[in-house]
Amino acid sequence: MKVKQVMLANPRTLHCSKTLLDASHLYRQTKVNCAPIVDDEGNVVGILTVFRLIEAIEEGATFDTRVDQIMDTNLQIIDEDTCFKDICEQTIDRLLIFNKKQKLTGVLTRIDLINKVHGALENTEHKLAEAFESNQELRSIIEASYDGIIVVDSQGLIQIVNKSFFRVQGFHDDPTGDSVEQLLIVCRDLVIQVYRQVMAEGKVAFARYKGKDLTELGITGSPVLDEQNHPERVVISIRDFTELNQLKLQTARFSQELKSLRAKEQKDLIYHSSAMERVVNEALQVSGVDSTVLITGESGVGKEVIARTIHRNSPRAEGPFIQINGGAIPENLLESELFGYEKGAFTGANKEGKPGMMELANGGTLLLDEVGDMPLNLQVKLLRALQEQEIYRIGGRVAIKLNIRILAATNKNLENLVAEKKFREDLYYRLNVVPIEIPPLRERKSDILPLAKHFLDKVNNKYQLQKYFSYEVCKLFEEYNWPGNIRELANLVERLVIMSEQDAIFPDQLPPSLFAKFSASPIRVAIDQLIPLKEAREIVETELIVKALKEYPSLRRAGEVLGVAHTTLLRKARSLGIPYND
């Protein structure tokens, strides 16, 4: 520090002809305790202090006395660039400060010096208080971090660790003041590696530790740079990913359980098989996005039900669900049904025009059912509509913007149709974004009886009946191949319920196709001698009925086991003379 930094700069001066009264006015105005005295040329010829003025008055001077009569001419002059430490040990009463040109630039008195030092001390104390408060805040921030924090200086000595460091590492020995190489932690080598990399490159470095006990730690080193952008400290954070990974696994399990629960809550979905569970989970997973889904499977497996499930669980659930069947509508009408038409577009058209199915599906979902039967010339227009998300009505010139989700369904092999040039390859890839294949009913036997029971309850409720299937019928259902899949099962159940004259439904009421399957492998009977067929039939029937009535006292239950109605069993028992308990 130089003298000019603590002096009173540019002090007010008094001309040597001025009086003590002028001096006292100057002291009051400037609140100083001395004033340099100058001559006509502006040269400093003396100095007058307040104490000298008071002393002169006590000696008999008046306020009219000239200042040059009592001023102190013993002047102490120093250069303004003199270091303060060179004069701080001198006895200072007052100093006149000159510049290189020997011009007065300032004054320094003992009182001024004391005030300067006091002010500096107060300022330093205030800054220390602020620094202490900032340090406390910084420490609180470091302690609040959930990650373990280590601060290492340029010499490799640990300056600070926070409480989370001990939690992450699982021990309580404070390493503050030790070398980073003396750390007794599982990831010590990686911490040292990160520290050295940051010190060498001056930028953030990363490392990851994976332990045998599934422990996973992320280590990040960040530099603290000095004025020359050289790292003087490294802040190393250690993040424990073990709990996070466990939470991810737990979340994945909960998500899977939620999907399963959501799948089971679908009222239209009846299944027990794992194959169908996979299909439903895929449908629920894809329902949250707008990707195009191609649903494949044999006729009657429930492609429309899966499509409705996707729509019902999607963000578009409040929007319309529109279905158009590419095989059920004549080719010459399919385009107008799909895209709509303007008034007067063709002969016989509605005078007001008509919106198409794609337009009606705006804001919702459009199901292109039996898309494999769609004519080639219409496939081109459909592809453009899907890509551009806009259509033109037949006879229209204004584009209609679309906001629809496309689902497609088919029972044909589209890849084979593409190879045979009967289906456009570009449209196939546009539709086959997310494929879902529904297995036939014969490949998921465990779904047959739950579906049959569902359709049975549905028909019973509709007609207020209480029909039920016998054990043999259920067995036949499971053995049958169901070429018509779920649609065939539903129609057969309705037929049986309506046509049955009694509550129990037995095999003799089934169509020949199912009964032939059941009787294809009869039980072999040992034959010792030839007898008439009528007599043989009566003997076998008698033995079977007697055996059934012994094992099952109830006529109804015995009839179920033999596959006949209890009224039929009663009639046969009477005709064969077999006793029974009514």
> Out of (1) among the small types (Gly, Ala, Ser); (2) surrounded by 11 or more Cβ atoms within 10 Å (Cβ to Cβ); (3) at pLDDT 90 or above, the odd one out for residue 260 is which?
Replying inline: (3)
> Looking at this structure, is residue 209 modelled with pLDDT under 90, part of a strand (DSSP E or B) and among the aromatic types (Phe, Trp, Tyr)?
Replying inline: yes
> residue 307 passes all but one of (1) under 17 Å from residue 411 (Cβ atoms); (2) of a type in the set (Gly, Ala, Ser); (3) touching a strand residue (DSSP E or B) at 6+ places or on another chain (Cβ under 6 Å); (4) not in a helix (DSSP H, G or I); which number fails?
Replying inline: (4)
> Before we move on, is residue 501 closer than 24 Å to residue 566 by Cα, at pLDDT 85 or above, surrounded by 14 or more Cβ atoms within 10 Å (Cβ to Cβ) and acidic (Asp, Glu)?
Replying inline: no
> Which is of a type in the set (S, T, N, Q) and within 19 Å of residue 305 (Cβ to Cβ), of 411, 403?
Replying inline: 411
> With respect to the numbered conditions (1) in the same structural domain as residue 355 (by TED's automatic domain parsing); (2) touching a strand residue (DSSP E or B) at 6+ places or on another chain (Cβ under 9 Å), which one is the sole condition not fulfilled by residue 467?
Replying inline: (1)
> Of (1) of a type in the set (D, E, K, R); (2) within 21 Å of residue 3 (Cα to Cα); (3) part of a loop (DSSP other than H, G, I, E, B), residue 85 satisfies all except one. Which?
Replying inline: (3)
>> Which count do you get for residues in segment 96-133 that are modelled with pLDDT of 80 or more and in a strand (DSSP E or B)?
In response: 7
> Applying the selection to segment 485-498, what residues are among the polar types (S, T, N, Q) and buried (at least 19 other Cβ atoms within 10 Å of the Cβ)?
Replying inline: 485
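Limited to segment 451-500, what total is found for residues that are basic (Lys, Arg), under 26 Å from residue 558 (Cα atoms) and in a helix (DSSP H, G or I)?
Keep residues of segment 451-500 that are basic (Lys, Arg), which gives 453, 458, 462, 467, 475, 487, 495.
If we keep only those that are under 26 Å from residue 558 (Cα atoms) too, we end up with 453, 467, 475, 495.
Cutting the leftovers down to in a helix (DSSP H, G or I) gives us 453, 475, 495.
Qualifying residue count, segment 451-500: 3.
Can you name the residue in segment 348-364 that is farther than 23 Å from residue 427 by Cα and surrounded by 16 or more Cβ atoms within 10 Å (Cβ to Cβ) and, of all such residues, is modelled with the highest pLDDT? Give the steps one after another, and end with the answer.
Just the residues of segment 348-364 that are farther than 23 Å from residue 427 by Cα, to begin with: 348-355.
After this cut, where a residue has to be surrounded by 16 or more Cβ atoms within 10 Å (Cβ to Cβ) as well, the list is 349, 353-354.
Details: 349: 63, 353: 79, 354: 85.
Among them, the one singled out is 354.
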> So which residues in segment 391-436 are in a strand (DSSP E or B) and exposed (fewer than 15 other Cβ atoms within 10 Å of the Cβ)?
Replying inline: 401, 435
> Since residue 48 meets every condition but one in (1) outside any strand (DSSP E or B); (2) without any contact (Cβ under 8 Å) to a residue 60 or more places away in the chain, which condition does it not meet?
Replying inline: (1)
> Quick one: how many residues across segment 536-553 are loosely packed, with under 13 Cβ neighbours inside 10 Å and touching a residue at least 12 places away in the same chain (Cβ under 8 Å)?
Replying inline: 2
>> Condition first: over 11 Å from residue 199 (Cβ atoms) and touching a helix residue (DSSP H, G or I) at 6+ places or on another chain (Cβ under 9 Å). Now tell me which residues in segment 216-234 satisfy that.
In response: 216, 217, 219, 220, 222
> What single numbered condition from (1) modelled with pLDDT under 85; (2) hydrophobic (A, V, I, L, M, F, W, C); (3) in a strand (DSSP E or B) fails to hold for residue 367?
Replying inline: (1)
> Does at least one position in segment 339-347 carry a residue that is under 28 Å from residue 416 (Cβ atoms) and surrounded by fewer than 16 Cβ atoms within 10 Å (Cβ to Cβ)?
Replying inline: no
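One line per residue, one yes/no per condition, for (1) farther than 27 Å from residue 486 by Cβ; (2) touching a strand residue (DSSP E or B) at 6+ places or on another chain (Cβ under 7 Å); (3) in a loop (DSSP other than H, G, I, E, B):
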residue	(1), (2), (3)
290	yes, yes, yes
301	no, no, yes
323	no, yes, no
332	yes, no, no
343	yes, no, yes
362	yes, no, yes
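The values are calculated or read from the model by the stated rules, or taken from the named source; none is laboratory data. From a predicted model like this one, the values you see are computed outputs, not experimental measurements. We place every Cβ from the backbone using ideal geometry, glycine too, and count neighbours over all the protein chains shown.
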